[in-house]
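Colleague: So that we are looking at the same thing, I have put the structure below in structure tokens.
The values are calculated or read from the model by the stated rules, or taken from the named source; none is laboratory data. Everything quoted here is computed from the prediction, not taken from an experiment. Note that we place each Cβ from the backbone using ideal geometry, even for glycine, and neighbour counts take in every protein chain shown. Calculation scope for accessible area: heavy atoms of the full protein, side chains included, ligands and nucleic acids excluded. Shrake-Rupley method; radii C 1.70, N 1.55, O 1.52, S 1.80 Å.
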Amino acid sequence: MKVVCAGGGPAGLYLAILLERQNPSHDITVHERNPEGSTYGWGVTYWRGLPDKLQAHDPATARAIEGASVRWSDGIAHVRDLATRHHGDEGFGIDRHRPLDLLTDRARALGVRLEFESEITEPPAGADLVVAADGVHSTLRTRHAESFGTRITTGRNPYIWLGTTKVFDAFAFAFAETEHGWIRAYGYGCGDEHSTCVVECAPQTFTWLGLGRATEGHGLALPEKLFADVLDGHPLSARPGAGRLTFRTLTNRTWHHGNRVLLGDAAHTTHLLHRRPHHPRPGGRHVPRPRPAPARRPDRRPDLPTNAGPRPSRCPCRARPAAAPGGTRTCPAASTCPRTGCSPCPAGATRPCCRTSRRSCTTASTRQPAGCRCCTGSSGGSGPGRRAPCMPGPRRTVARPCRQTPACPATPCTHSRRTGPRPKYIQYEGQGPARREHAPDAAGPALRADGWSLTTGPRPPARSRGCRPTRFPPVSSAPHTRGVPSMAVPVSFDQTSTGYSLQRAYWLARAADLAYKDRAVIEDQAAQWGFDQVRHHETRFTPPFPLQDTQAYTVASERMIVTAFRGTEPTRIKDWLTDATTPPRPGPGGNGYVHHGFAEALESVYPAVHHTLTELRTDGQTVYFTGHSLGGALAMLAGARMYLEDPHLAADGVYTYGQPRTCDRLLAEAFHKGFGGRMYRFVNNNDIVPQLPPEPVFTHVRALRYIDSHGRLHESMPMLSALTDRAAGLTADAFAPASDGIRDHFMHNYLTALEKSLD
Ligand SMILES: Cc1cc2nc3c(=O)[nH]c(=O)nc-3n(C[C@H](O)[C@H](O)[C@H](O)COP(=O)(O)OP(=O)(O)OC[C@H]3O[C@@H](n4cnc5c(N)ncnc54)[C@H](O)[C@@H]3O)c2cc1C
């Protein structure tokens, strides 16, 4: 078979190796437009799963790549003055040139023809198979974008891809607060001498901080200063062409067309965006960040205070100061090394055994000859008689106390959390793996933080696809809803219709309530309602504010698709709700501004929701977004974003319950102008959450549906009557658990009022 591969990146080269190994009679040519050995950026990181896969397919490549990588087994997060270290996050880093060199050598040794400085712009004639492995901007794919069904979404946050001479001994996340918003960086070692460091923040923060100039010498001063403690004073550096970048999410409907196939980034991108950092949390295990005397470079920029003094010339041994006993790299020139803390060499040693690790070595006294990997013992795998302690341990699942509820009634708690290695990449598209599981033998209901009871039990058997009831049961028949009066509500509605209807408002409130439930309950209920497809959207990204995760689900039938966003306790986001000083983020399509916290929360699930809708909306189904509380803000924002950025995907309606103010007047107007008549916002009279964050920075979209203190639903409410009505139950602290402000916010009160209105 004659195979022509456009692109000599990791994907093209590895495919060539595998095809050649499979059948040496294949005639394979890889065309790479750049000279041999060129690449971009700094390092690349990967986790245990990759070497295992490489090993299974070509052990020689696996050995070479793993041998050339540095490894770590911890993750560390720095927030303000706190740092928390998480053991067991084993990972690898490698300079981007190394795998390319190794794959090139391997392919050449196997007999693959490699043509450098050879650009392919048209599929070559005479090839049996044409492989487009030419990256995210693939020319071959772009020529047939319609056949492949290509979609590209550009991430909102700009980032700059930098390097540093600081060699991180763990995967490091750092968050710094500036007057213009949060800025974050992550870094990992990718060689004996340097690390990758990606700095990212919201667009307006990026602009206001002047990070666009970061590739110019002086522009790096700010990130260096903000992350000086994490970098131990080491400088950052940029490579030519770095500049302001944004991640792209690329998907294709299909990966093949005729004799052309897409591979690697040409087919789909994957990013290290949603790796969940382990934030220090109140009550969590915090360790004060050690503050070693940093070895700073001299201040080249008079406007920024840094430690004065000449920058020490580069240590010939690249030693880092004050390393833990036994874990130090040895310095062959200690007597002349200008760096404070440089450890002297043991006689005769030319290279320490810790070559592949930056962690302190717990078995230093019994150090092995050069090249051994004995020094990552602090992950718990070390000990006399064991093999190299830094080798990964087996995957384990252990039962731990349930963290889902403050008062889990199961004793001993039968909920379990999955532990062991967690996925390091969560692709934008598709489903993240189940993060939390309830053991099938969980005893009895657990009290949830949001006040509802949650019934746990064996996952119900899958229902047959043929059953599509159009009527849904009354509220009282759902075991997980508490406190709702038991009454038969014979409600059904045409799923294909659009426009306002009370039945739909009630049913979507049920769907919003369901978002608080477990996956199994959602799936069971969706099946009862006649939706045969269910997708769960979860993010493991924890933004630098008190929100654990953002969750939503999408259900689809032949006629209707509903995405419901989960809310959270208002007390958990009280600071966001009461603070109007954090700079908002630009709104969808450049319209107005959005509350920073809501925008971040949506950002973490929106690509998955978007992808799911494009996948499931195959038959012109109606699409609705719904949510309660924070979930309402996310539903509204998702609706606005889809309408303003992807009008062809726009939803047919957005129904929210107890939604906080989410955006500024400009966005509210832009949304209302085109979407008016499809957005409905239900507010219970004294509910505190819709009254926050404060005006005038934030405002509401129109189309209020008001529930008065008697539980009656009004399609409009004159200002004066609303004020009188509200005064009935306000207390001093609207967030106090027993106050009207919070009581009126509960979802079951919305359900009760809507149910009453249906009578
Ligand atoms: C900032 C950043 C950080 C990342 N970090 C990680 C990470 O830590 N871990 C990880 O696994 N992934 C990471 N990635 C993703 C990773 O870089 C890509 O998934 C990977 O490089 C894709 O390999 P590829 O071979 O498909 O494409 P590329 O690496 O893009 O290679 C495509 C090749 O095709 C060549 N080419 C293009 N057009 C033509 C043409 N017409 N004719 C001939 N040749 C052509 C290009 O010169 C290039 O060499 C990161 C990406 C970015 C942007």
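Colleague: Out of residues 5 or more away from Asp89 or on other chains, whose amide H comes under 5 Å of its own, with H placed 1.01 Å from N in the peptide plane?
Modeller: Under 5 Å from the amide H of Asp89 lie the amide H atoms of Asp74, Gly75, each far enough along the sequence or on another chain.
Colleague: What ranking of Tyr159, Tyr657 comes out by heavy-atom accessible area, probe 1.4 Å, highest first?
Modeller: From most accessible down to least: Tyr159, Tyr657.
Colleague: Mind computing the radius of gyration and Dmax over the alpha-carbon atoms of the range 504-758? Å is fine for both.
Modeller: Answer for the range 504-758, Rg first and Dmax second: 17.0, 52 Å.
Colleague: Using a 1.4 Å probe on the protein heavy atoms only, what accessible surface does Thr154 show? Give it in Å² to the nearest 10.
Modeller: That residue has around 80 Å² of solvent-accessible surface.
Colleague: Can you tell me the accessible area per residue over the range 634-719, all protein chains present, probe 1.4 angstrom, in square angstrom?
Modeller: Each residue of the range 634-719 exposes 35 Å² on average to a 1.4 Å probe.
Colleague: For the range 504-758, what is the percent of antiparallel DSSP beta bridges, rounded to the nearest 5?
Modeller: So the antiparallel bridges in the range 504-758 amount to around 45 percent.
Colleague: Between the DSSP loop rule and a limit of at most 15 other Cβ atoms within 10 Å, which GluC sites (Glu not before Pro) in the range 569-638 are left?
Modeller: Here no loop site has a sparse enough neighbourhood.
Colleague: Still on this structure, please answer the following. Taking amide H atoms as placed 1.01 Å from N in the peptide plane, list the residues 5 or more away in sequence, or in a different chain, whose amide H sits under 5 Å from that of Arg705.
Modeller: Here Arg681, Phe682, Val683 satisfy the definition.
Colleague: Still on this structure: Mind ranking 584-591, 120-127 by how tightly packed they are, going by the mean number of other C-beta atoms within 10 angstrom, highest first?
Modeller: 584-591, 120-127
Colleague: Let me ask something else. Accessible area, 1.4 Å probe, largest first: how do Thr269, Thr165 sort?
Modeller: Thr165, Thr269
Colleague: If you don't mind, there's one more thing I want to ask. Counting only heavy atoms of the protein chains, get the accessible area per residue of the range 12-121 (1.4 Å probe) and round it to a whole Å² value.
Modeller: I get 44 Å² per residue for this part.
Colleague: Under a 5 Å amide H to amide H cut-off, with H placed in plane at 1.01 Å, what residues pair with Ala83 once short-range neighbours are removed?
Modeller: Under 5 Å from the amide H of Ala83: Val287, Arg289.
Colleague: For the range 504-758, build the charge dipole from Cβ charges (+1 Lys, Arg; -1 Asp, Glu) around the Cα centre, then report which of Trp576, Ala505, Ala638 sits farthest towards its positive end.
Modeller: Ala505
Colleague: Sticking with this structure for a sec: Which loop-located GluC sites (Glu not before Pro) does the range 103-175 contain, where loop means any DSSP state but H, G, I, E or B and the Cβ has at most 13 other Cβ atoms within 10 Å?
Modeller: Loop-located and lightly packed - Glu117, Glu119.
Colleague: Once neighbouring chains are kept in place and the probe is 1.4 Å, which whole percent of the accessible area of the range 504-758 is contributed by carbon and sulfur?
Modeller: Reported share for carbon and sulfur atoms: 53 percent.
Colleague: What do you reckon, how do Arg96, Arg80 stack up by accessible area (1.4 Å probe), largest on top?
Modeller: The ranking, largest first, comes out as Arg80, Arg96.
Colleague: Can you list the lysines whose alpha carbon sits under 28 Å from that of Lys756, skipping same-chain ones fewer than 8 residues off?
Modeller: Lys517
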